[in-house]
Amino acid sequence: MRTSWADSVENAASGSSDNHGTGGGLAPTMPTYIPPHLRNRPPILESPAPSFSGPPSGNDRGGGYTGPAGGSRWAGGSRPDFGRQGYSTGGRGSSGWGNRGGWDRGRDREVNPFGNDDIDDDAEHAFSEQENSGINFDAYEDIPVETSGNNVPPPVNTFAEIDLGEALNLNIRRCKYVKPTPVQRYTIPISLAGRDLMACAQTGSGKTAAFCFPIISGIMTGNFAQRPRGTRTVYPLALILSPTRELSCQIHEEAKKFAYQTGVKVVVVYGGAPINQQLRELERGVDILVATPGRLVDMLERAKVSLQMIRYLALDEADRMLDMGFEPQIRKIVEQMDMPRLGERQTMLFSATFPKEIQRLASDFLSNYIFLTVGRVGSSTDLIVQRVEYVQESDKRSHLMDLLHAQKANGVQGKQALTLVFVETKKGADSLEHWLYNNGFPATTIHGDRTQQEREQALRSFKSGNTPILVATDVAARGLDIPHVSHVVNFDLPNDIDDYVHRIGRTGRAGKTGLATAFFNDNSMSLAKPLADLMQEANQDVPAWLTRYASRVSYGGGKNRRSGGGGRFGGRDYRRDTSFNRGGGGTDYYGGNSSSGYGNYGGGYGPGVTSAWD
DNA sequence: AAAAAAT
């Protein structure tokens, strides 16, 4: 049995070494966490000594790409060849960049995104939980993966099997990635084969790398027409769209790491920041453009950006973008500007859910695509202890303070455990932040009424532990990967259970454990049933009073279960192909489920499986 | 009803 709230916090913060015996909450089957660097040794990375012998000097692209030129990369050469050599496949010394124009854009003073420590990852200290390799790979072992479509390339088990080139391999090593996550195991070969992809997957499990690696590799090895110069229009080769500014920044940060010293230039553009600065950055050269839709449309209309050289298009969090009303902008970008047509570009569509609107998008944007569904890390909320407390509106603040005090007393804050507090409104966020601050709790806030600068500052301050309490609206609910959030408080519960799932997904990231506390009262009654069901399915302790409320409320189950309408959600390939591959070590994740065992992915609330939270 | 995103 779980003992006290304080213990829960401790468990949540302790990095999961003591998951057993806590009874209902934590996954009883979670193995003890072993840092990846202590497993799978020696590292699976190919290419022994010489290629990794040291970081190339800043003046070099890392030796260039020496693998076989990707003959099969474009699916049997069916793709048009733009004819001219753009990026050199890599004779060392003969940088493709040099050929392209005389000025070494893209590698002048490239900041090392890895900091100083660079490649020595074996020192024990290098493996504090700080590293993003704190991913619990064991949690990935039995993740269900299913693919369908024509001629699905087989997944790989190691990075060594994938021919990404030395420079990229070096960065993979710098990132301390030991082995590919499931989404990477499948997505990378699919993408390298030049195929379009519809993927139901979550971030925080390697999705960004999954679509960045092949794009970067493709740009390094591909042949591209000389891009027009002498104009102020820029011609990126790849476009990555994402719904929020912070997500775009996050993707940009990651992509820069992967592209370090490859000569591939990644630039991000988004609203709320001075456009001129972004334009200047673009003019210094861009291969991969990461963007939010609004700002990109703006730039397209001003003819600052042309899409006619796009060879790779990735849409991240597609369902969220539609939710936010971006469909017109997205369709404009993809269909009504100068984007190459279907089949002349490679498109990857990522979405947590697969309702009709996304299916339409898939059939409009994708050509002969492969459909991929990746289950979540652990079964959704396995790694998250969920608590619900009945708190009257007027008592919420003092109750929150009690929680925070208890946390402090536990020394959790001393360890820089972070607490993310969700509220319903922007005003509410501000006022709660002030109140916390005035009461001695270092807090900051993120919501849509703050300037972009303030938002980014808030996120930085939170991540760094300077203000270990972040009060947020739903702008922060999805996709953001903030390490070390050990506690999510639903100060105001959302109206939609999906939003709840996304919010609590900000903790328990990457195989770590987390705690989620919800303040429930009469205002949240519509959530009683879906919440009780969700918690039940996640093997959480459901308070008796919540069960009573749940049974009393008869409405609210339909929509939240996504039973009909959007179809068997979760990632059913509605084209109904029959060639399924099953991955994830062959474990039938859904064994024992009397239903099809297939329609319950992601947002379908099958046993233990809830909506993918990203 | 609120939130997000272009100005």
Shape verdict for region A:292-371, please, from the Cα gyration tensor: rounded (a/c under 1.5), prolate (a/b greater than b/c) or oblate. oblate
What figure, in Å² to the nearest 10, do you get for the accessible area of A:Thr158 with a 1.4 Å probe and non-protein molecules left out? 30 Å²
Env charge @ A:Glu393, Cβ radius under 10 Å, K,R +1 / D,E -1, value -1
Label A:Arg109 and A:Met324 with points 7 Å out from Cα along Cα→Cβ: what is the distance between them in nm? 3.2 nm
With all protein chains present, calculate the accessible area of A:Lys408 using a 1.4 Å probe and round the result to the nearest 10 Å². 90 Å²
For A:Lys207, list the lysines whose Cα falls under 17 Å from its own Cα; do not include residues on the same chain fewer than 8 positions away. A:Lys176, A:Lys179, A:Lys256, A:Lys257
Count the net charge of all other residues whose Cβ sits under 15 Å from the Cβ of A:Thr473, scoring Lys and Arg as +1 and Asp and Glu as -1. -2
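Could you sort A:Lys176, A:Lys256 by accessible area so the largest value comes first, with the probe set to 1.4 Å?
A:Lys256, A:Lys176
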So, over other residues within a Cβ distance under 11 Å of A:Ala458, counting Lys, Arg +1 and Asp, Glu -1, the net charge is 0
Which of rounded, prolate, oblate describes region A:166-215, given a ≥ b ≥ c as roots of the alpha-carbon gyration tensor eigenvalues and a/c under 1.5 marking rounded, otherwise prolate only if a/b is larger than b/c? oblate
Test of understanding: what is the full-extension gain from A:Gln277 to A:Ala225, defined as 0.36 nm times their sequence separation minus their Cα-Cα distance? 16.0 nm
Peptides A:384-392, A:519-527: what's the order by average Cβ count within 10 Å, highest mean first? A:384-392, A:519-527
For the full complex of protein chains and a 1.4 angstrom probe, list A:Met309, A:Met401, A:Met337 by accessible area with the highest value first. A:Met337, A:Met401, A:Met309
With a ≥ b ≥ c the root eigenvalues of the C-alpha gyration tensor of region A:394-530, is it rounded (a/c under 1.5), prolate (a/b larger than b/c) or oblate? rounded
Give the long-range amide H neighbours of A:Ile370: residues separated by 5 or more places, or on another chain, with amide H under 5 Å away, using H modelled in the peptide plane at 1.01 Å from N. A:Asp196, A:Leu197, A:Met198
Once the piece of chain linking A:Gln536 and A:Asn157 is laid out straight, how much longer is it, given 0.36 nm per residue of separation minus the C-alpha distance between them? 133.0 nm
Sorted list, accessible surface of protein heavy atoms, 1.4 Å probe, largest first, for A:Phe258, A:Phe114 is A:Phe114, A:Phe258
Per 0.36 nm of contour for each residue apart, how much would the distance between A:Ser367 and A:Glu301 grow if the chain were fully extended, relative to their Cα-Cα spacing? 21.1 nm
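The values are calculated or read from the model by the stated rules, or taken from the named source; none is laboratory data. Note that the structure is predicted; figures quoted are calculated from it, not measured. Neighbour counts are summed over all protein chains in view; Cβ atoms, including those assigned to glycine, are modelled from backbone coordinates with ideal geometry. What goes into the accessible areas is simple: the full protein's heavy atoms, side chains included, and nothing from ligands, DNA or RNA. Shrake-Rupley method; radii C 1.70, N 1.55, O 1.52, S 1.80 Å.
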